[in-house]
Each structure stands twice: as C-alpha cells, then as structure tokens.
1. Going through the stretch 252-271 one residue at a time, which ones are closer than 28 Å to THR75 by Cβ and either without any contact (Cβ under 8 Å) to a residue 60 or more places away in the chain or open to solvent by 40 Å² or more (accessible area, probe 1.4 Å) (or both)?
2. So, in the stretch 236-246, of the ones that are in a helix (DSSP H, G or I) and out of contact with any Asp or Glu (no Cβ under 8 Å at 6 or more places or on another chain), which residue ends up least open to solvent (accessible area, probe 1.4 Å)?
3. With the requirement that a residue be buried (at least 19 other Cβ atoms within 10 Å of the Cβ) and not in a helix (DSSP H, G or I), what does the stretch 120-137 give you?
4. Using beta carbons and a limit of 7 Å, which pairs, at least six apart or on different chains, have the first residue in the stretch 309-329 and open to solvent by 30 Å² or more (accessible area, probe 1.4 Å) and the second one of a type in the set (Lys, Arg) and assigned to a strand (DSSP E or B)?
5. For LYS225, are the conditions met, namely being surrounded by fewer than 16 Cβ atoms within 10 Å (Cβ to Cβ) and either at positive phi or not in a helix (DSSP H, G or I) (or both)?
6. Can you spot a residue in the stretch 87-94 that is assigned to a loop (DSSP other than H, G, I, E, B) and within 30 Å of LEU236 (Cβ to Cβ)?
7. Any idea how many residues of the stretch 187-222 are over 14 Å from LEU86 (Cβ atoms) and crowded, with 16+ Cβ neighbours inside 10 Å?
8. So, in the stretch 272-301, of the ones that are in a loop (DSSP other than H, G, I, E, B) and among the hydroxyl-bearing types (Ser, Thr, Tyr), which residue ends up surrounded by the most Cβ atoms within 10 Å (Cβ to Cβ)?
Amino acid sequence: MLFQHEKSLFFYLILAISNAFCHIFRLNLVFLRNSLLLCTPKKRKDMKVFSKIVDLQNELFAVRKDGKSVGLVPTMGALHEGHASLVKRSVKENDVTVVSVFLNPTQFNDQGDLDRYPRTLDADCELLEKVGADYVLAPSVEEMYPIPDTRKFEFPPVSTVMEGAKRPGHFNGVCQVVSRLFYIVRPDRAYLGKKDWQQIAVIKQLVKYIGMPIQIVECETIREKDGLAKSSRNTLLSEEERAIAPKIYQALKTGVTFSKTHTVQETHDKVVNDINAVDGLDVEYFSIVDGNTLLDVDSWDDSDSVVGCITVYCGKTPIRLIDHITFRE
C-alpha cells in the first residue's frame, strides 16, 4: 500500500511539473508573438490622388487636427530621380507629404514650349507611391484657376534678372501657382531643387510677401552619371542632343577651377566660349552673381556667396536647359 501511495505521489509530481512547463512554454510563445508584432512595421496607407482641391483640403483638415506636420513638393509632372529626392526628404522630415502635379500654363511665355512639355501622370503617381508620398494633387487648369488669375508679382532684382529678363511673365506665373498651392495646402515646409536657383530666390520673396510661416527647403541638384542635371526636358532630347548636353556642366566645373586664377569676366568668357564651341549648343546667358541678391559681381570679393547661372539651347528644336554652379560659398 505504501509503495502504491508513493507511485501516486510521483505521478502527480510529474504531472504538475509537466503542466508547469507547458504553461511556461505557452507564455513564451505569447511573448514571442507580441514581440514580433511590435517589430513588424505598420502597413502604409495607400497614396491618395485628388483632382479636386476641396477633397485634398478635407483630408488635410483631419491631418492638421491631429497636429501633424505637412511637407509640399510642387512639380509640373514628368517626374524623375530629382523630384523623387525632394519627396524622400519631405517624407523623412514631415508626418504627411503632398505632391502637386500641375503643368502651369501661366508661367510659359512660349506656347510651343508648353505644348512640348511631357505629360506622364500615371508614371508620376507610380514613382510617388514608391517613394512614400501621401497625397497627390493633380488638378485641371479649370480647377486650379476657376477664374483668370490677374494678380501681379514682382520682386526685383531677383525676379527681373536672368530668367526674369529672358522670359517675361515667367516668374509672375510661378508666383501665381505657388501662392495658390501654399493657400490650398498650407504646408509647414516646401521642397525645391537648387537647379532652379533663381526660382528659389523668387519663392523666398513670395513667402515674405504673403506672410505665411513656410520654410523653404533647398535640396541639392541630382545629376546623371555624366553630370547632366536631371530635368523633365531631358526626355525631349534626341540621342545626339543627349550626348552633347553634359558638356554644359563640364564647362561649368572647368570654370570653377579656372576662376581660382582668373577674373570674373575671364571666367565668364571661358565658360561661354567652351560651350558655344560644341556644335549644337548655344548659350542664351551665363551670369555670375551674388548668391542672395542675384546681381552681377565684378570681383570674387564682392560677395561671400557667388553662383553661376546658365541657360543653354541644345539641338535643332531647340531644347532649353538650365543649370548652375557655386563659385564661392
């Protein structure tokens, strides 16, 4: 009888130990499952595309109610890696990123230039979703301008030199559409590429004028491996034109080295002559200016910031290409 009792006790002891191990095992499984769930990134919401301004504004109302920051990347479409870099930076620095895709007719003073401009909305949206944009505003001209925009913007000297002188009305159109976008989106930050150096200077003046607390974030120019600045217009170049286009940036880089031992005027002339020596390239203007005021400098000592801004016609059409380079900073 005693032996039988001991066997029973042993059985119950083994059963208790087994149950304890099973309980511990189950607890470990639960802990492991919860840990994996915490480590798994939350699925991103699908990017939304709006053609109506009011629909975007309704979405942004909820965003702002939650105290989230908003970044804006204004574009005219035909997006490339340069635009993608702006969006990526906005996504990194803001809770929500809005990208506008709108080919603005009021900033074109050449109808042919507007007609030739690439239109690739489907491909643009595909790229924007990959790089993390939250909202895309792609309105029609009638949606953006329900009535003709007769507002006039001028911020001399930054809006009246270089592009301002060569393309009358261009920066007025830029300010019309950008101010509309700022009022629609009310972003905390707006992201612009340094390739359009003068445009950044103009938009900074616009922000001061309209009195909105928007930070203008300047982003580095993204280039092809051969140095050509990424541009939507590059898709319009023929194979032969694409082959000579990198000569523009090559001449600018050579000019920076040349400038260390030569005057501003000598440097200017060398860059222009080097580019014009290439069959198929024709310099419209090359200005070496104060990086802030955009006024010409006569000496390298005139400013701590000296920038070269250039526009070149490439090929038979021709395609108008812009670029810039820093000489002193």
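1. Narrowing the stretch 252-271 to residues closer than 28 Å to THR75 by Cβ: 252-253.
Once the filter is applied, which keeps residues that are closer than 28 Å to THR75 by Cβ and either without any contact (Cβ under 8 Å) to a residue 60 or more places away in the chain or open to solvent by 40 Å² or more (accessible area, probe 1.4 Å) (or both), the stretch 252-271 yields only LYS253.
2. Taking the stretch 236-246 and keeping what is in a helix (DSSP H, G or I), we get 236, 239-244.
With out of contact with any Asp or Glu (no Cβ under 8 Å at 6 or more places or on another chain) added as a condition, the list becomes 236, 239-243.
On the way: LEU236: 58, GLU239: 158, GLU240: 129, GLU241: 21, ARG242: 66, ALA243: 70 Å².
Checking each candidate, the answer is GLU241.
3. VAL131, ALA133, ASP134, TYR135, VAL136, LEU137
4. TYR313/ARG320
5. Values: surrounded by fewer than 16 Cβ atoms within 10 Å (Cβ to Cβ): yes; either at positive phi or not in a helix (DSSP H, G or I) (or both): yes.
Criteria met by LYS225.
6. Of the residues in the stretch 87-94, the ones assigned to a loop (DSSP other than H, G, I, E, B) are 94.
Among the residues that remain, those that are also within 30 Å of LEU236 (Cβ to Cβ) are: none.
No, there is no match, as no residue in the stretch 87-94 is assigned to a loop (DSSP other than H, G, I, E, B) and within 30 Å of LEU236 (Cβ to Cβ).
7. Final tally of qualifying residues: 10.
8. We begin by selecting, within the stretch 272-301, every residue in a loop (DSSP other than H, G, I, E, B); these are 277-280, 291-295, 297-299.
Checking the rest, the ones that are also among the hydroxyl-bearing types (Ser, Thr, Tyr) come to 293, 299.
Numbers: THR293: 14, SER299: 10.
Here the residue is THR293.
The values are calculated or read from the model by the stated rules, or taken from the named source; none is laboratory data. Note that this is a predicted model, so its numbers are computed, not measured. Every residue, glycine as well, gets a Cβ built from its backbone with ideal geometry; the counts of neighbours run over all protein chains shown. We work out accessible area using only protein heavy atoms, side chains counted, and drop any ligands, DNA or RNA first. Shrake-Rupley method; radii C 1.70, N 1.55, O 1.52, S 1.80 Å.
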